[in-house]
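One structure is given here, and the rest of the page talks about it.
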Amino acid sequence: MSRQTPQPCCEKFKTMIGGQALIEGIMMRGPEKDAIVVRGKDGLEVEVKPRKLPPRRSILRWPLIRGVVNFFDSQVVGVKALLRSADLSPEEYTEEPSKLDKWLEKKLGNAKFQNFLLGTAVALGLGMSIVLFFLLPMIISSFFDQWITSNLGICLLEGLIRIGIFLAYMFAISRMKEMRRLFAYHGAEHKTIRCYEAGLPLTVENVRRQTRLHPRCGTSFLLVILVLSILIFSMASAALLAAVPALEAMRGSFWYRVVMIVFKLLLIPLVVAIGYEINRWVGRHDNLLSKILTAPGMWFQNFTTNEPDDSMIEVGIAAVQAVLPQEAGADRW
């Protein structure tokens, strides 16, 4: 069967359904259910659980607050799904537990051991992201503050370093064999959602024709965060220096750098919250401004998605079908 050139779909509506690539599978989140679909040695393994959401009038749903809550929730759910996919995937993709893993499981018990692994994985993931994409650029750029006296100039330099590190990191891991396969499942997720939003039957043939790029990709959200941090850090730093003139007099000193770095680290939740609201607005609109805002993320997906094979598309179809709401249209974004 010949493969056709992927084409952009014509959206009939925008769905809130979204997912994440896993080890030999896809995790999909709908308005009512979460599903993990993995291609195991005996076929597709499908696990569906009801989704736990805050009450409608909860403070956790308020603008800005919901962005931070959803970000951390997605990290926990995503890591948990990734660990579960490792259990469900074929043996060739499963590593033998180390002696340390076996000792911890024996001492903690299976349930506590799984929670320990989950907490450790989330903490390490967030910690590495903060150190690599925020703390390191801050430290590097801070050494230029004795030559670059403009607060905006320092923040721009810091932002360029941050984006450079991020793009280099993503390009490097995109060359890894295991990641290329993971990114192909990411492409299958996007293609399946594109097909669903176009109102087409979810068949391998229809999904295969869709583009693997999607404007509401969660991975692209990270790039929005990095760009947004330049603006927010610049404005907040300028306000801090204006409010504390003594700090400006310390420019170039060790303690000045420490204060500015800690101050910017404390601003990260605000950056995430505003970035989430921007992403939410973009997801609901289709105009010139939304296209401009999504353009960098769409380009970035050329590194984070690959064309899937038909077996991966079958996983994507099963994942979407597993989380479709009982009432048609209840998943409208």
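The values are calculated or read from the model by the stated rules, or taken from the named source; none is laboratory data. In this text the structure is predicted, and so the values were computed from the model without any measurement. All Cβ positions, even for glycine, are placed from backbone atoms using ideal geometry, and neighbour counts span all protein chains on display. Surface accessibility is based on the protein's heavy atoms, side chains included, excluding ligands, DNA and RNA. Shrake-Rupley method; radii C 1.70, N 1.55, O 1.52, S 1.80 Å.
Can you tell me which of (1) farther than 30 Å from residue 49 by Cβ; (2) in contact (Cβ under 8 Å) with a residue 40 or more places away in the chain is the one residue 289 doesn't meet?
The one condition residue 289 does not meet is (2).
Just checking, does the range 46-61 include any residue being in a strand (DSSP E or B) and open to solvent by less than 50 Å² (accessible area, probe 1.4 Å)? Spell out how you get there, then give the answer.
Initial filter on the range 46-61 (in a strand (DSSP E or B)): 46-50.
Of the ones still in play, those that are also open to solvent by less than 50 Å² (accessible area, probe 1.4 Å) are none.
The answer is no, given that none of the residues of the range 46-61 is in a strand (DSSP E or B) and open to solvent by less than 50 Å² (accessible area, probe 1.4 Å).
Within the range 262-273, identify whether any single residue is open to solvent by 60 Å² or more (accessible area, probe 1.4 Å) and either outside any helix (DSSP H, G or I) or polar (S, T, N, Q) (or both), and answer yes or no.
So far as the range 262-273 goes, no, none of its residues is open to solvent by 60 Å² or more (accessible area, probe 1.4 Å) and either outside any helix (DSSP H, G or I) or polar (S, T, N, Q) (or both).
Do the conditions hold for residue 201, that is, is it in contact with a Ser or Thr (Cβ under 7 Å, 6 or more places away or on another chain), more than 18 Å from residue 24 (Cα to Cα) and either without any contact (Cβ under 8 Å) to a residue 12 or more places away in the chain or not basic (Lys, Arg) (or both)? Talk me through it step by step, then tell me what you get.
Values: in contact with a Ser or Thr (Cβ under 7 Å, 6 or more places away or on another chain): no; more than 18 Å from residue 24 (Cα to Cα): yes; either without any contact (Cβ under 8 Å) to a residue 12 or more places away in the chain or not basic (Lys, Arg) (or both): yes.
Answer is no for this residue.
Tell me, which residue of the range 144-169 that is of a type in the set (A, V, I, L, M, F, W, C), touching a residue at least 60 places away in the same chain (Cβ under 8 Å) and open to solvent by 60 Å² or more (accessible area, probe 1.4 Å) is farthest from residue 253 (Cα to Cα)?
Filtering the range 144-169 for residues that are of a type in the set (A, V, I, L, M, F, W, C), touching a residue at least 60 places away in the same chain (Cβ under 8 Å) and open to solvent by 60 Å² or more (accessible area, probe 1.4 Å), the one farthest from residue 253 (Cα to Cα) comes out as 156.
Which residues, counting only those in the range 133-175, are touching a Pro at 6+ places or on another chain (Cβ under 8 Å) and farther than 22 Å from residue 256 by Cβ? Step through it out loud before you land on a result.
Of the residues in the range 133-175, the ones touching a Pro at 6+ places or on another chain (Cβ under 8 Å) are 158-159, 161-162, 165.
Across the range 133-175, the qualifying residue is only 165.
Cβ-Cβ under 6 Å, sequence separation 6+ or interchain: first residue in the range 113-131 and under 14 Å from residue 75 (Cβ atoms) and open to solvent by 30 Å² or more (accessible area, probe 1.4 Å), partner modelled with pLDDT of 80 or more and assigned to a helix (DSSP H, G or I). Which pairs?
Close Cβ pairs (under 6 Å, with a partner that is modelled with pLDDT of 80 or more and assigned to a helix (DSSP H, G or I)) amount to 121/79.
Sort out which residues of the range 285-323 are open to solvent by 80 Å² or more (accessible area, probe 1.4 Å) and under 17 Å from the mean Cα position of the chain (by Cα), and write them in order of number.
299
Within the range 170-191, take every residue that is aliphatic (A, V, I, L, M) and under 14 Å from residue 311 (Cα atoms) and give me the one that is surrounded by the most Cβ atoms within 10 Å (Cβ to Cβ). Talk me through it step by step, then tell me what you get.
Taking the range 170-191 and keeping what is aliphatic (A, V, I, L, M), we get 170, 172-173, 176, 179, 182, 184, 188.
Restricting the remaining residues to those that are under 14 Å from residue 311 (Cα atoms) gives 182, 184, 188.
Values: 182: 23, 184: 19, 188: 31.
Checked the range 170-191; the qualifying residue surrounded by the most Cβ atoms within 10 Å (Cβ to Cβ) is 188.
Can you tell me which residues in the range 212-261 are open to solvent by 30 Å² or more (accessible area, probe 1.4 Å), farther than 18 Å from residue 142 by Cα, of a type in the set (Val, Ile, Thr) and part of a helix (DSSP H, G or I)?
219, 224, 227
Does residue 282 fit the bill of being surrounded by 22 or more Cβ atoms within 10 Å (Cβ to Cβ) and under 19 Å from residue 15 (Cα atoms)?
When the stated conditions are applied, residue 282 passes them.
So which pairs qualify, if the first residue must be in the range 272-284 and in contact (Cβ under 8 Å) with a residue 40 or more places away in the chain, the second must be crowded, with 17+ Cβ neighbours inside 10 Å and of a type in the set (Ser, Thr, Tyr), the Cβ gap must be under 6 Å, and the two must be at least 6 apart or on different chains?
Qualifying pairs under 6 Å: 282/294.
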